Structure formats: C-alpha cells, structure tokens
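This report concerns only the one structure given below.
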Ligand code: GTP
Ligand code: MG
C-alpha cells in the first residue's frame with residue numbers, strides 16, 4: 001500500500017468520542033516504550049505524526065490518524081508503565097478495554113513486542129485478554145536493529161514457545177525497525193489486505 005496522506009484527526013480518552021465508525025480501523029498497542037509511535041511514523045513516512053519519547057508513558061490517549069482518506073490508524077497508550085499511579089493504571093485499563101471491546105470498526109490490532117528481551121508476563125497476559133475477547137491481532141517484534149539477527153531469532157522463538165502454552169493457533173508475526181524501516185512493506189501489505197474486509201453497513 002502506498003501512503004499518500006496521513007493526518008492526525010483527534011485524541012481522546014473515551015471510545016464514544018472517537019470518529020464515526022465508518023472507516024476500517026487498525027490499532028497499535030504494546031508495552032510503554034516498545035516503539036508504537038515510532039512504528040506509526042515509520043509506516044506513514046512522517047517523522048513527527050505520532051509523538052515519541054525515550055521516556056515511557058508518552059502516549060496517554062487514543063489517537064486517530066486518517067490514512068489515504070480511507071482508514072484509521074490508531075496509536076494507543078502503552079501498558080506496564082511502572083511509575084504511573086494505581087489510579088492511572090485502572091483508568092488505562094478501563095479506557096483500553098472499552099475501546100478494544102466496543103469499537104465496532106476496529107478490525108485488527110498490532111501488538112508490539114520488544115525483540116530485545118525474553119517473554120514478559122504482561123505481554124502474554126495482554127494477548128490472552130485479546131483471545132478471551134476474540135479480538136483479531138498480529139504481533140510485531142520491534143527494535144530489531146538493536147541486536148544481532150541471531151539474538152532476535154532466539155527471543156522470537158522463546159516468545160512463540162511461551163505462546164504455545166496457551167494458544168493452539170499461533171498469530172501471524174512481523175519484525176520491525178523504525179530506524180531501518182524494516183517490516184514496512186510487510187505490515188502495510190497486511191493492513192491493505194485486512195481493510196478490504198471492512199463493511200461499514202454490517203456494524204453490530
Ligand atoms: P509510549 O507512548 O510511551 O507507550 O511509547 P511508544 O511505544 O509509543 O514508544 P516510542 O515510539 O515513543 O519509542 C520509545 C523509544 O524507543 C524512543 O526513544 C524511540 O526512538 C525508540 N525506538 C522506537 N522504535 C525503535 C526502533 O525500531 N529501533 C531503535 N533503535 N529505537 C527505537
Ligand atoms: Mg507512544
């Protein structure tokens with residue numbers, strides 16, 4: 001897919017205030033600092049479309065971007081940000097759970113996993129939550145420029161093994177580097193494929 005236009009539309013904390021659900025929507029989520037906003041900028045070829053930061057907890061709201069006037073790309077705040085308060089974590093949980101389970105135009109989620117580290121409980125739990133709610137998703141292993149391909153491969157294999165404990169069918173996965181633009185073509189062509197299934201008239 002060619003990205004011709006990518007435009008910020010709105011940020012909010014309530015799924016009810018999101019744009020009308022008339023366009024296919026794809027969301028990006030993952031642990032705080034995993035590289036969601038950077039991946040969105042890499043995919044859209046826009047340096048500062050989504051705000052990035054080396055400090056975790058940068059994205060706090062549900063952010064809608066309209067791509068090619070055709071579909072919405074959504075940047076979500078990360079989970080597992082340790083410094084945030086209990087109250088904030090509860091608010092995050094409510095906002096994200098409501099958005100993910102009630103947004104009728106959301107067709108799939110890309111869950112970002114840091115390719116540098118061993119499987120994290122919080123990521124596995126989040127994938128189980130998606131499974132329990134029958135939300136379609138794919139995985140993107142991020143920041144692969146940070147280590148050798150051998151270590152990336154080992155970490156991915158460990159993650160897949162951990163998934164096999166709970167999952168019979170394994171999800172599709174991609175690898176990415178926001179620095180080298182690795183994974184851009186693959187992820188965009190998957191999105192192109194996914195959005196063809198969206199029929200606005202068949203809302204539940
Ligand atoms: P929150 O909004 O806080 O949840 O974080 P996020 O997941 O949106 O992460 P963000 O895109 O802001 O990136 C976090 C940090 O990781 C920044 O310093 C980025 O420059 C860096 N980063 C993101 N992706 C990559 C990548 O592919 N390679 C490298 N080397 N650094 C990356
Ligand atoms: Mg972010």
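The values are calculated or read from the model by the stated rules, or taken from the named source; none is laboratory data. Owing to the predicted nature of the structure, the values given are computational and were not obtained by experimental measurement. Positions of Cβ are backbone-derived with ideal geometry, glycine not excepted, and every protein chain shown enters the neighbour counts.
Data table
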{"read-out": "Given (1) at positive phi; (2) surrounded by 15 or more Cβ atoms within 10 Å (Cβ to Cβ), index of the condition residue 134 fails", "value": "(2)"}
{"read-out": "Lone unmet requirement of (1) under 30 Å from residue 19 (Cα atoms); (2) away from ligand 1 (no atom under 14 Å from the Cβ) for residue 95", "value": "(2)"}
{"read-out": "Positions within segment 109-142 being in contact (Cβ under 8 Å) with a residue 60 or more places away in the chain and under 14 Å from the mean Cα position of the chain (by Cα), in sequence order", "value": "109, 110, 111, 112, 113, 114, 123, 126, 140, 142"}
{"read-out": "Only one of 38, 53 that is over 13 Å from the mean Cα position of the chain (by Cα) and closer than 21 Å to residue 176 by Cα", "value": "53"}
{"read-out": "Single condition residue 152 does not satisfy, out of (1) touching a helix residue (DSSP H, G or I) at 6+ places or on another chain (Cβ under 8 Å); (2) outside any helix (DSSP H, G or I); (3) over 20 Å from residue 24 (Cα atoms)", "value": "(2)"}
{"read-out": "Residue selected from segment 52-70 under the condition within 12 Å of ligand 2 (Cβ to nearest atom) and in a strand (DSSP E or B), by the criterion surrounded by the fewest Cβ atoms within 10 Å (Cβ to Cβ)", "value": "62"}
{"read-out": "Residue within segment 14-24 that is outside any loop (DSSP other than H, G, I, E, B) and either within 25 Å of residue 173 (Cα to Cα) or within 16 Å of ligand 1 (Cβ to nearest atom) (or both) present", "value": "yes"}
{"read-out": "Any hit, segment 156-178, residues being within 15 Å of ligand 1 (Cβ to nearest atom) and either in a loop (DSSP other than H, G, I, E, B) or loosely packed, with under 14 Cβ neighbours inside 10 Å (or both)", "value": "yes"}
{"read-out": "Filter result (part of a helix (DSSP H, G or I) and closer than 17 Å to residue 138 by Cα) within segment 101-118", "value": "101"}
{"read-out": "Set 49, 39: member being closer than 27 Å to residue 196 by Cβ, more than 9 Å from ligand 2 (Cβ to nearest atom) and surrounded by 22 or more Cβ atoms within 10 Å (Cβ to Cβ)", "value": "39"}
{"read-out": "Complete set of residues in segment 25-50 that are more than 7 Å from ligand 1 (Cβ to nearest atom) and out of contact with any strand residue (DSSP E or B) (no Cβ under 7 Å at 6 or more places or on another chain)", "value": "41, 42, 43, 45, 47, 48"}
{"read-out": "Test: residue in segment 91-100 that is within 18 Å of residue 190 (Cβ to Cβ), within 15 Å of ligand 2 (Cβ to nearest atom), in a helix (DSSP H, G or I) and in contact (Cβ under 8 Å) with a residue 60 or more places away in the chain", "value": "no"}
{"read-out": "Given (1) closer than 21 Å to residue 35 by Cβ; (2) at pLDDT 95 or above, number of the condition residue 107 does not satisfy", "value": "(1)"}
{"read-out": "Test set (1) under 18 Å from residue 138 (Cβ atoms); (2) assigned to a loop (DSSP other than H, G, I, E, B); (3) more than 8 Å from ligand 1 (Cβ to nearest atom) - residue 73 fails condition number", "value": "(2)"}
{"read-out": "Test: residue in segment 74-89 that is away from ligand 2 (no atom under 13 Å from the Cβ) and within 25 Å of residue 21 (Cα to Cα)", "value": "no"}
